[in-house]
Amino acid sequence: MKNLFLTSAVRFRRQRSVLNAAARYALMTFLFALTLSVSRAQTWIDWDTNEFSMGVGDFVRACKLSNGNWLSCFVDSTVARVRLSTNTCCTFESLSTLDLSSENRKVYKPNIIQLSNGDVLLCVMAYITDTSHNYATNCQIRVYKSTNLGTNWSYLSTVDPIASTTVHSHDTMPPGLWEPSFHIASSGKLMCTWSDESYQPTYSQVISIAGSSDNGATGGAKTA
């Protein structure tokens, strides 16, 4: 009887283990199917597909604001567009634009940051298109400021005003300024870095950096 009892107990535990495994498998299958149906029903980040399709939207950057909302910026053809998310990046809505067409300039590669004083800064590559050759020329790295969390923008400063139109023999277009980006140094100073081609023909491209002690209103001399 003792051996029979032990055999029955072992068989019961094995059966319970099999049942538990089957239940876990069924639960996992259900959760996977539920996740799949939800993912098909709604994209997690609901971008505007027209503006983010290939060749239209480019160089997306994002910044978390002090109030918990998020700003994103990207270039749409020749305009920098800023969007706001109030639900942890689940969806974004149009907020503002930076359009320099009135200056006959175009915008490329924007970057965004919020300072400790609450101001939001947007740095861009502003350039003129040489229509005869279809390339960017007269490039500048500019900074624009918003005091109302990205709703409106005003010109603040020019980090680098390169105006060279000389095409060097090793390249196919004049020197440019590319990929500006903001950083906050450990000292609290605002730093801007960018890909700099103004050192041609000695160097094709270097990384330049300039610091500002007055929140971007003026910048120090650049170093490479």
> What order do you get for 107-115, 183-191, 210-218 when each peptide is scored by the mean count of other beta carbon atoms within 10 Å, highest first?
Replying inline: 107-115, 210-218, 183-191
> Ranked highest first by average number of other Cβ atoms within 10 Å, how do 119-127, 90-98, 137-145 line up?
Replying inline: 119-127, 137-145, 90-98
> Between ASN104 and ILE184, 0.36 nm times their residue separation minus their Cα-Cα distance comes to what?
Replying inline: 25.6 nm
>> Along the Cα→Cβ direction, 7 angstrom out, place labels at SER116 and THR202. What is the inter-label distance in nm?
In response: 3.6
> Can you work out ³J(HN,Hα) from phi for every residue in the range 104-117, in order, using Karplus 6.51 cos²θ - 1.76 cosθ + 1.60 and θ = phi - 60°, giving whole Hz and x for Gly and Pro?
Replying inline: 6, 10, 10, 10, 8, 6, x, 9, 9, 7, 10, 8, 5, 7
>> I want to check the label-to-label distance for THR218 and THR129. Put each point 7 Å from Cα in the C-beta direction and report it in nm to one decimal.
In response: 3.7
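Throughout, read-outs are computed from the coordinates displayed, never taken from laboratory work. Nothing here was measured: the structure is a model prediction, and the numbers come from that model. Heads up, the Cβs are rebuilt from the backbone with ideal geometry, glycines too, and the neighbour counts pull from every protein chain shown.
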